[in-house]
Amino acid sequence: MAVASSAHSTIFSRTSFFHHINGFKRFSFCLPFSSSAAASISSKKKWRQPVASSALELGGIKIAKDDVVKDDPTNNVPDTIFSKMGMQLHRRNNHPLGILKNGIYEYFDTNYPNLFDKFDDLCPIVSVKQNFDDVLVPADHVSRSYNDTYYVDAKTVLRCHTSAHQAELLRRGHTHFLVTGDVYRRDSIDSTHYPVFHQMEGVCVFTPDNWQASSLDPTAYAAEDLKKSLEGLARHLFGAVEMRWIDAYFPFTNPSYELEIYFKEKWMEVLGCGVMEQEILKCNGRSDSVAWAFGLGLERLAMVLFDIPDIRLFWTNDERFTSQFSEGQMGVKFKPFSKYPPCYKDISFWINESFTENNLCEVVRGIAGDLVEEVVLIDNFTNKKGLTSHCYRIAYRSMERSLTDEEINNLQWNVREQVQEKLNVVLR
Ligand code: PHE
């Protein structure tokens, strides 16, 4: 499925690294160019951003809104992100993400009875050390930037991957574990990208007696076991599909791979994985061991398995969505209840040096929340004076109802105002 195949690809792979550099990461140019307001009047009620409650409890830790959203230059967490922090969609057994998590648990429990420890309630607020240093992410890696990661302060982030927990769990003596959780990344807006999504991490540690019984060296032994286990997982989820292994790059594994499956006439990336860098084991009390690790995006897989066309649907409370899924029902196909008309609005401005698309998307989400479906760069030129102009097309569409002209115009008006004010650009 085209839309789902790009849902939150792993950011640490080299390919996505380059996508970042060329500045056109995941941009699609396929929307119709006319800007039409196809809105009908069904609801007079004004749409409002859900109000973030002021305190949460995560993994046994009490968190106040002020702890996460701060008026400080080292903080870039907006209210809209805080309001998602206590949701824990992956812990709802009737939700596609919870059903998928349980489906993966089932695979590991059947094939490795009582072996894997499971964590799905670890606090998403972690140190820069946990998120990056402990898993050997280089100091100049793009994923560390304020443009890509939500910083609570200079030393604290909202985890951008579940690998942030590898080191601490190894240190605590765990040798086989699965960590599921919400992860946070600043990103562009389209049907497969949302600034909060869910990952599952798996780690399996081997001791010398494991590989000594084979004729393989430790790394080859771990790589072979990794491939066998994950091929089994892919078959458990997708049935008898064709698979292939692609060489990849992650700072924390070597060798590194991506597993792809041939599904609905396309090759689709299922997960990233590899043999854990020895340095990580050494620093966490396991110098005598080797290990494998994998990380997978739950939304990416759930969109394909349950036929869910838009990533925003995972967050809806609309019963027409939620009532279609129940515990243990893996892969029940979602029946769209209705498709409401989109409305396209364009905005053009002269950018400045600090302009980034992620910042623009944050402003748009801050105003329109889940009513924004896509933000696409449709025109880009530099004039003789060296000024660069960008034109973005914003698609507004509700998953739940038709939007009125009035509310879309209001949203767009606010977007224009705040883009100018917060991003310091000159509207055209
Ligand atoms: N943490 C990686 C990502 O989010 C995925 C991964 C996990 C890759 C473990 C290899 C091993 O991009």
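The values are calculated or read from the model by the stated rules, or taken from the named source; none is laboratory data. Small disclaimer: the values here were computed from a predicted structure and weren't measured. We place every Cβ from the backbone using ideal geometry, glycine too, and count neighbours over all the protein chains shown.
If the requirement is being over 25 Å from I311 (Cα atoms) and in a helix (DSSP H, G or I), which of these qualifies: E362, E417, E407?
Selected residue: E417, the only one of E362, E417, E407 that is over 25 Å from I311 (Cα atoms) and in a helix (DSSP H, G or I).
Determine the pairs where a residue that is in contact (Cβ under 8 Å) with a residue 60 or more places away in the chain, located within the stretch 249-261, has a partner that is part of a strand (DSSP E or B) and away from the ligand (no atom under 11 Å from the Cβ) with Cβ atoms under 6 Å apart, the partner being 6 or more residues away or on another chain.
Pairs found: E258/I246.
Among Y257, Y249, which is the only one that is among the hydroxyl-bearing types (S, T, Y), touching a helix residue (DSSP H, G or I) at 6+ places or on another chain (Cβ under 7 Å), within 16 Å of the ligand (Cβ to nearest atom) and in a strand (DSSP E or B)?
That would be Y249, the only listed residue that is among the hydroxyl-bearing types (S, T, Y), touching a helix residue (DSSP H, G or I) at 6+ places or on another chain (Cβ under 7 Å), within 16 Å of the ligand (Cβ to nearest atom) and in a strand (DSSP E or B).
Would you confirm, using the coordinates I've provided, whether K345 is within 21 Å of I189 (Cβ to Cβ), surrounded by 19 or more Cβ atoms within 10 Å (Cβ to Cβ) and among the basic types (K, R)?
Answer is yes for this residue.
Return yes or no: is Y105 more than 16 Å from the ligand (Cβ to nearest atom), more than 28 Å from I367 (Cβ to Cβ) and modelled with pLDDT of 95 or more?
When the stated conditions are applied, Y105 passes them.
Contact list please: Cβ distance under 7 Å, first residue in the stretch 281-304 and surrounded by fewer than 20 Cβ atoms within 10 Å (Cβ to Cβ) and modelled with pLDDT under 95, second residue of a type in the set (D, E, K, R) and not in a strand (DSSP E or B), pairs at least six apart or on different chains.
none
Within the set of pairs 6+ apart or on separate chains, which have a first residue in the stretch 218-234 that is within 16 Å of E201 (Cα to Cα), a second that is β-branched (V, I, T) and part of a helix (DSSP H, G or I), and C-beta atoms under 9 Å apart?
These pairs meet every condition: L233/I104.
Only one residue in S215, S188 is away from the ligand (no atom under 14 Å from the Cβ), more than 26 Å from R312 (Cβ to Cβ) and of a type outside the set (D, E, K, R). Which one?
The match here is S215.
When you scan the stretch 91-103, how many residues do you find that are in contact (Cβ under 8 Å) with a residue 24 or more places away in the chain, surrounded by fewer than 21 Cβ atoms within 10 Å (Cβ to Cβ) and either assigned to a loop (DSSP other than H, G, I, E, B) or touching a His at 6+ places or on another chain (Cβ under 8 Å) (or both)?
So the count comes out to 3.
Could you grab me the full set of residues in the stretch 138-168 that are acidic (D, E) and closer than 20 Å to S354 by Cβ?
D140, D148
Which of (1) assigned to a helix (DSSP H, G or I); (2) farther than 30 Å from N94 by Cβ is the odd one out, the single condition N352 does not satisfy?
(1)
Looking at the stretch 139-151, is at least one residue β-branched (V, I, T) and within 15 Å of the ligand (Cβ to nearest atom)?
Taking every residue of the stretch 139-151 in turn, at least one turns out to be β-branched (V, I, T) and within 15 Å of the ligand (Cβ to nearest atom).
Hey, among the residues in the stretch 321-343 that are among the charged types (D, E, K, R) and in contact (Cβ under 8 Å) with a residue 24 or more places away in the chain, which one's nearest to E106 (Cα to Cα)?
Among residues in the stretch 321-343 that are among the charged types (D, E, K, R) and in contact (Cβ under 8 Å) with a residue 24 or more places away in the chain, the one nearest to E106 (Cα to Cα) is E327.
Of the numbered conditions (1) away from the ligand (no atom under 16 Å from the Cβ); (2) closer than 28 Å to H236 by Cβ; (3) crowded, with 21+ Cβ neighbours inside 10 Å, K118 fails exactly one; give the number of that condition.
Only one criterion is unmet by K118, namely (3).
Taking the stretch 380-428 only, how many residues are exposed (fewer than 14 other Cβ atoms within 10 Å of the Cβ) and under 25 Å from Y340 (Cβ atoms)?
Selection size over the stretch 380-428: 3.
Does L169 fit the bill of being over 20 Å from the mean Cα position of the chain (by Cα), closer than 20 Å to G285 by Cβ, within 12 Å of the ligand (Cβ to nearest atom) and among the aliphatic types (A, V, I, L, M)?
The answer is no for L169.
Please state which of the following conditions V304 fails to meet, knowing it meets all the rest: (1) assigned to a loop (DSSP other than H, G, I, E, B); (2) in contact with a Lys or Arg (Cβ under 8 Å, 6 or more places away or on another chain).
It fails just one condition, (1).
For the stretch 268-278, which residues satisfy the criterion of being farther than 20 Å from L136 by Cα and touching a residue at least 60 places away in the same chain (Cβ under 8 Å)?
M268, E269
Residues to consider are V364, V376; find the one that is β-branched (V, I, T) and farther than 18 Å from Q420 by Cβ.
Of the residues listed, the single one that is β-branched (V, I, T) and farther than 18 Å from Q420 by Cβ is V376.
Among the residues of the stretch 142-172, how many are among the aromatic types (F, W, Y) and surrounded by fewer than 24 Cβ atoms within 10 Å (Cβ to Cβ)?
Result for the stretch 142-172: 2.
When you scan the stretch 289-299, how many residues do you find that are under 22 Å from T253 (Cα atoms) and part of a helix (DSSP H, G or I)?
1
Name the residue that is nearest to the chain's Cα centre (by Cα), counting only residues in the stretch 126-136 that are in contact (Cβ under 8 Å) with a residue 40 or more places away in the chain and buried (at least 20 other Cβ atoms within 10 Å of the Cβ).
V135
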